[in-house]
1. Just the accessible area per residue of the chain, please: how many Å² with a 1.4 Å probe?
2. Which of rounded, prolate or oblate describes the range 293-353 when judged by the alpha-carbon gyration tensor and an a/c cut-off of 1.5?
3. List, in the order given, every pair from 430/525; 112/219; 177/219; 284/500 whose Cα-Cα distance in the structure shown is over 24 Å.
4. Which order do 439, 87, 621 take when ranked by solvent-accessible area (1.4 Å probe, heavy atoms of all protein chains), largest first?
5. In debye, nearest 20, what is the charge dipole magnitude of the chain about its Cα centre with +1 on Lys and Arg Cβ and -1 on Asp and Glu Cβ, if you could check?
6. Along Cα→Cβ, 7 Å out, is where each label goes; now give me the distance between the ones at residue 378 and residue 155 in nm to one decimal.
7. Take the Cβ-Cβ distance between residue 105 and residue 174 as r, set R0 to 35 Å, and report the resulting FRET efficiency rounded to the nearest 0.05.
8. Cα centroid distance between the range 38-112 and the range 325-354, in Å?
Amino acid sequence: MLGKIRVIVLLAIMLPAVLVSCEDELLGDIAISGQPDNSHQKATIDLIDLQTDIIKGDTARVVIRTVPWNLIESASCFFLTDTIGRETDECAITGNVMMPDSTWRISLVQKKGSSSWVRICANVGDSTYCAVPINVKSVAITSYPSILIGGAKVSVGDKTTDYSVVLPAVTDFSNIKMTMVWFGGDSATVNGKLFSGANNMVDFSRPATLTLWKKGASKSFHIRVQNTGLPVVRITTPKAITSKEDWMSGCSIAIDLPNGVADTEKRSLSIRGRGNASWNDTDKKSYALKLDEKSKILGMAKNKRWILLANFKDRTLLRNDVTFWLARQTSQEYVVNGCFVELELNGQYRGNYYLCEQGRISSDRININDINPDNPGTGGFLLESDAYFNDESKAGNIGVLSGFVSSNMQIPYSFKQPDEDEMTQAAFDKVKNFIDKFEYAVMTAWTGDYEKLLDVDQCIDYAIIQELTGNQDFYNSYPVNGPHSMYFHVDNIDNGGKLKFGHLWDFDYWTYDPQRLYGWTGLDKHGSGQEFYYWHLLSKSDSFRARFIERWDELKNGFLGAVDYIDSMADMLRLSEYCNAHYPENAKNGKGWIPIENKNNGGSNADQKYSYQEAINSMKECFLIRWQWMDDEIHQRHGNQFFPKVRQ
């Protein structure tokens, strides 16, 4: 037996009068049926809609309806034939799905040639049903256009139809300049409007649709333009900023939130560079800002003085901010507040910055008294100990009342406040005598006299944070042995005021580093020659050592929340970090602000060659290893004496 003969019902051999009724519409020369009356019509596959003129590599789309509606029981029933019923490989079905209105959406791709006549067929039981032939035609776009949107390059092509453009310094997307260098096609439209290819202003407040046309076929791309989600700081200056000593006046600042709402309306300020190695060794500079009037910025309390930190040497961008988070878990009375922003300087995007408070005497910052010229013993003083002080003093960059080297420990101290023009000889002598007295009490710590002059808990908490981050600057050997960026303040000396360590500052470099996971960075240091250091000497006191261990145990579990904090902040910064690292206008090397080796000493955070996520992972791992080492060391699990034996 030859078996059952398959019955093929071909709509193509039906009379035109049967195909087209007064209710039908014509799409070219193909009938598109209206709603069928299933009670008297024969089983059919009817074309409802189609888009078969396509760009090569794209998908043709066909909509069919079957009569009855449930004629096709499974999507696997569909296949393609040529015009005389033979299965074909010129096209292929890539997808089909029944929609809620009982129509089928069929997707086709052309695999051979540029023009293929095919039928959509389906096997139903012993029968095969086919729609009328359709012509799938494809044309090739030999080259796609080069597009600039707000200055950012967009390279559309065959791989995807969805594109996202990040313009970090833009907060108003309603009128963005778009330029397109022509391509191998006929025309282009944006949101349905003909695009000239020259400078066009396009509304990107919502995703826009770019459509390329060639010989009646089209290919559409959906383009979303956004910022990084960070506020944008816009600063204008009359000339380039070249000095970290001299304020440049005649500048202005404005700050926009990412949604375009103004946080800080345009106002006047003075600006200068800041930093030591960070000013001299990098192209991406940090800046000090001085507003003409006190202003509240990004939710932070009113003040005139602010800092823009470049964080150039920090691949994660997070080291300072995370350290401030750790400090907030301690007894530190003041911790710097800050916010990540995008900086636009004189109209040019300059990258991700950390806009933060400058540690200053103020009711909302370091809350101590201002200087009292008539009675300096009742006023407040903010000091810094930094090994660079001697170099600055010898170079004549600071005045005689700007600081001193202590008599007992030979540690340099400089006055941050009061400013030099407010300092008097009487105030200078008052503070120097107090420091000499304090250092002598530390050098004889076994007597306990230091407790009368020092806030012990703040001193311990300060040291814990320095050690937990593995901060090289806690006790550095460059340019001479001693600390960098170590701040103190004292208030009301004549009435029992105590020295307090803090605020914490400058953690972007040589911190959270795999090269310094083990060993103390400052607790066991005692310098060379006649130099001494506070914590090594304080360890002579049994009560100080005991209190140090108590404070560590009180604080240590709270510190572990830093891991989740790092992850959340890294997620927030991903778009900004990408722009910071890749926008070529930023850096002379054309590669953005990727950290490079310090040209003076080759030092680093050991992550400058990492991807952003690799750097984040390294930071978290270093923190956890360091935390565990400190816990073991403090509780002598390594068999070592906590605070190594003091040199007599």
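The values are calculated or read from the model by the stated rules, or taken from the named source; none is laboratory data. Model, not experiment: these values are computed from the prediction. Counting neighbours? That spans all protein chains shown, and the Cβs are built from the backbone with ideal geometry, glycine included. What goes into the accessible areas is simple: the full protein's heavy atoms, side chains included, and nothing from ligands, DNA or RNA. Shrake-Rupley method; radii C 1.70, N 1.55, O 1.52, S 1.80 Å.
1. 45 Å²
2. Oblate.
3. Values: 430/525 28 Å; 112/219 19 Å; 177/219 22 Å; 284/500 33 Å.
Long pairs (Cα-Cα over 24 Å): 430/525; 284/500.
4. Heavy-atom accessible area, descending, gives 87, 621, 439.
5. Result for the chain is approximately 1500 debye, rounded to the nearest 20.
6. 7.1 nm
7. Details: r = 35 Å, r/R0 = 1.00.
Result of the calculation: an efficiency of 0.50.
8. Centre-to-centre distance over Cα atoms comes out at 59 Å.
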